[in-house]
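Data first, discussion second: the structure below is written as structure tokens.
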There are 2 protein chains.
Amino acid sequence: MEKNFRVAILGVTGAVGRELLSILEQRKFPIAGIKLLASKKSAGQKVRFRGQDVLIEEATSQSFRGIDLVLSSAGASVSRELVPHAVKAGAVVVDNTSAFRMDPQVPLVVPEINPEDIAKHKGVIANPNCSTIIMVVPLFPLHRRARIRRIVAATYQAASGAGAKAMRELESQSREILAGKAPTKEVFPYQIAFNLFSHNSPIKEGGYCEEEIKMMRETKKIFHDDSIEVVATTVRVPVFRAHSEALFVECERPIPLDEVRLILSKAQGIRVVDEREKNYFPMPVEATGGDDILVGRIRKDPGKENAFALFVSGDQLRKGAALNAVQIAEIWAGISKGEAARR
Amino acid sequence: MEKNFRVAILGVTGAVGRELLSILEQRKFPIAGIKLLASKKSAGQKVRFRGQDVLIEEATSQSFRGIDLVLSSAGASVSRELVPHAVKAGAVVVDNTSAFRMDPQVPLVVPEINPEDIAKHKGVIANPNCSTIIMVVPLFPLHRRARIRRIVAATYQAASGAGAKAMRELESQSREILAGKAPTKEVFPYQIAFNLFSHNSPIKEGGYCEEEIKMMRETKKIFHDDSIEVVATTVRVPVFRAHSEALFVECERPIPLDEVRLILSKAQGIRVVDEREKNYFPMPVEATGGDDILVGRIRKDPGKENAFALFVSGDQLRKGAALNAVQIAEIWAGISKGEAARR
């Protein structure tokens, strides 16, 4: 008999929380009971799940009794406060915030890359940053083949990364500007409609913003390779919910371009979209709602023998967040082995 | 007595053509007479210039008699057909298309970089591609100091680069999508509103598109340095008229970061926008309508001693096209010396 799990979703009213619900339903995760948790403000609302209306409860330290699995996506400060209580109550937490990602006790997992790390958990398994996931899924099979030494990344990040309110702000500002009005700024510090700006996370050491530092550090941890260099410029663009990235990759060894294509076309979690004659390559509108990260513009670097360039798009709310978390939960639950990138 | 010039604008109804008119007016270019040329379709329309209505005439091989200076921006095929007639008639042509840029007889000029090349013209002076100009203006003073060896560039290019119709398409598609309708595609091959896509120029050698190849080749020619490597990924984004670029630059020698800042803050044609504590950096809405290229996110590469990263935004229609052309014309006319980057 298959085991069914008592699952709690922490932060169910957010953009990722809603996606978690829909992915659990879609993938038929074996659920014995579901508990929907959010802030006091949202408690009392109802959400549809598997044909039933489920009441949202206020998340407190007492919310986790009898829960097997928590999928957490309510922000780093909420995770820091509540996740220890969930672990104490005996639950396993797949945490989608930055709270525990760099904790050496906590595995940081992308199922296509390091599923074996899940077994090492001590109650918490961390889900990487969305920009990191979208970058590393297509790069890992190439890293295995030719050992990546340096990644230069420029991102084109959707409004969804800043939550459901930010997506509504892109919509409302677009309407205002098209009506000849000044855009109202509430979520983002600068106009997002018909504009773009450097990712609005705090600037830290060396002038890099937190988002860029996450890409640098998380990649090393996920690949188990501290010597890999990542330098990134992260940018918010007026797109609703898929992130794109221009990647320039230097390896220890050369790989023929045909082999890069072959490796990518066989890897899990990726779809090659690379029709040069039609100028048809990855686009956020086509990545939106899908599970795969789209990969294209596959070409050699004209100046470096061991280097190549790619352009990728992936749904920030799905593979960049909720889908990756549910895939981790599936491996933890023994439903999937998370076979890494068809090694 | 100052000399006044008989000026023709070829392609006056386009996005760059209109900007040329407004910049000539703004900068009080010494004009003895103006001739406005466009396709047969636009002939007969009137355009306001210096308080007068000026009739648009059809551009033909006979249009250039008595003209001193032609500012040409009607597309490469029109330039290839008509520019030789203008030169034969005794005019000097500042050409804003790709038609003659790589011709060894034709100087390719950015006034802040190589104004001395203007004197070598044989009738035609070429204006570089917009993405190239926006990249090289901030990089040249750093190249002079530390010899740039490699540039990795990812662009965020506005609709204006594809002309006035493309800007209207961004607007109309945005309205359609906000009204829940499917976007109508006429100018761009793919949806531009709330989306982005690899630059829609034909893919050529090595899988690089024409726009990327322009950035690679034109940089070598403008810098008079064939050994400089440029690798670019060019992307169209839903912004009206300023291009942005994430630049990763490797030099022969290290430059302390304070000196990078100092050099940029003193250089011509640039404004440093780099307030880390406010997360305030270059944005297309702030570059729009201005003459300067905004430069920020100035930081060292974490992995390479001699390398640094920047983020820039510049008005594609002004410095990326019309302003650069008028600045070339001013140097040619002896009005300005085009002092290079305050050497």
Could you please find all residues in the stretch B:266-292 being in a loop (DSSP other than H, G, I, E, B) and under 14 Å from the mean Cα position of the chain (by Cα)? B:269, B:288, B:289, B:290, B:291, B:292
State yes or no: is residue B:336 over 17 Å from the mean Cα position of the chain (by Cα), in contact (Cβ under 8 Å) with a residue 12 or more places away in the chain and surrounded by fewer than 17 Cβ atoms within 10 Å (Cβ to Cβ)? yes
From the list A:152, A:137, A:94, which one is within 15 Å of the chain's Cα centre (by Cα), of a type in the set (A, V, I, L, M, F, W, C), assigned by TED's automatic domain parsing to the domain that holds residue A:286 and at pLDDT 95 or above? A:137
Being part of a loop (DSSP other than H, G, I, E, B) and within 18 Å of the chain's Cα centre (by Cα) is the filter here, so list the residues in the stretch B:210-240 that pass it. B:234, B:237, B:239, B:240
When residues of the stretch A:140-164 are filtered for being touching a strand residue (DSSP E or B) at 6+ places or on another chain (Cβ under 6 Å) and not in a loop (DSSP other than H, G, I, E, B), how many remain? 11
Exception for residue A:243 within (1) surrounded by fewer than 20 Cβ atoms within 10 Å (Cβ to Cβ); (2) within 20 Å of the chain's Cα centre (by Cα); (3) in contact (Cβ under 8 Å) with a residue 24 or more places away in the chain falls at (1)
Subset tally (residues that are of a type in the set (Val, Ile, Thr) and surrounded by fewer than 17 Cβ atoms within 10 Å (Cβ to Cβ)) for the stretch A:183-195: 1
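Could you check the stretch B:99-134 and list, in sequence order, the residues that are in a loop (DSSP other than H, G, I, E, B), of a type in the set (Gly, Ala, Ser) and surrounded by fewer than 20 Cβ atoms within 10 Å (Cβ to Cβ)?
B:123, the sole residue that qualifies.
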Which one of A:207, A:163, A:180 is surrounded by fewer than 21 Cβ atoms within 10 Å (Cβ to Cβ) and within 11 Å of chain B (Cβ to nearest Cβ)? A:207
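Can you report the number of residues in the stretch B:66-90 which are in a loop (DSSP other than H, G, I, E, B) and surrounded by 23 or more Cβ atoms within 10 Å (Cβ to Cβ)?
Initial filter on the stretch B:66-90 (in a loop (DSSP other than H, G, I, E, B)): B:66-68, B:73-75, B:89-90.
Right, trim to surrounded by 23 or more Cβ atoms within 10 Å (Cβ to Cβ) and you get B:73-74.
Count: 2.
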Condition first: more than 9 Å from chain B (Cβ to nearest Cβ) and among the aliphatic types (A, V, I, L, M). Now tell me which residues in the stretch A:135-157 satisfy that. A:135, A:136, A:137, A:139, A:142, A:146, A:148, A:151
In the stretch B:9-20, what residues are under 17 Å from residue B:63 (Cβ atoms) and among the hydrophobic types (A, V, I, L, M, F, W, C)? B:9, B:10, B:12, B:20
Hey, residue B:219 more than 9 Å from chain A (Cβ to nearest Cβ), hydroxyl-bearing (Ser, Thr, Tyr) and either under 23 Å from residue B:114 (Cα atoms) or in contact (Cβ under 8 Å) with a residue 12 or more places away in the chain (or both) or not: yes
Please find, among A:249, A:312, A:295, A:260, the residue that is touching a Leu at 6+ places or on another chain (Cβ under 9 Å), assigned to a helix (DSSP H, G or I), buried (at least 21 other Cβ atoms within 10 Å of the Cβ) and at pLDDT 95 or above. A:260
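Tell me the residue from B:174, B:198 that is facing another protein chain (nearest Cβ under 9 Å) and either surrounded by fewer than 22 Cβ atoms within 10 Å (Cβ to Cβ) or free of Cβ contacts under 8 Å to residues at least 40 places away in the same chain (or both), please.
Working: B:174 fails: either surrounded by fewer than 22 Cβ atoms within 10 Å (Cβ to Cβ) or free of Cβ contacts under 8 Å to residues at least 40 places away in the same chain (or both).
B:198 is the lone residue from the list that is facing another protein chain (nearest Cβ under 9 Å) and either surrounded by fewer than 22 Cβ atoms within 10 Å (Cβ to Cβ) or free of Cβ contacts under 8 Å to residues at least 40 places away in the same chain (or both).
The values are calculated or read from the model by the stated rules, or taken from the named source; none is laboratory data. On a predicted model such as this, the values are computed, not experimentally measured, just so you know. Note that we place each Cβ from the backbone using ideal geometry, even for glycine, and neighbour counts take in every protein chain shown.
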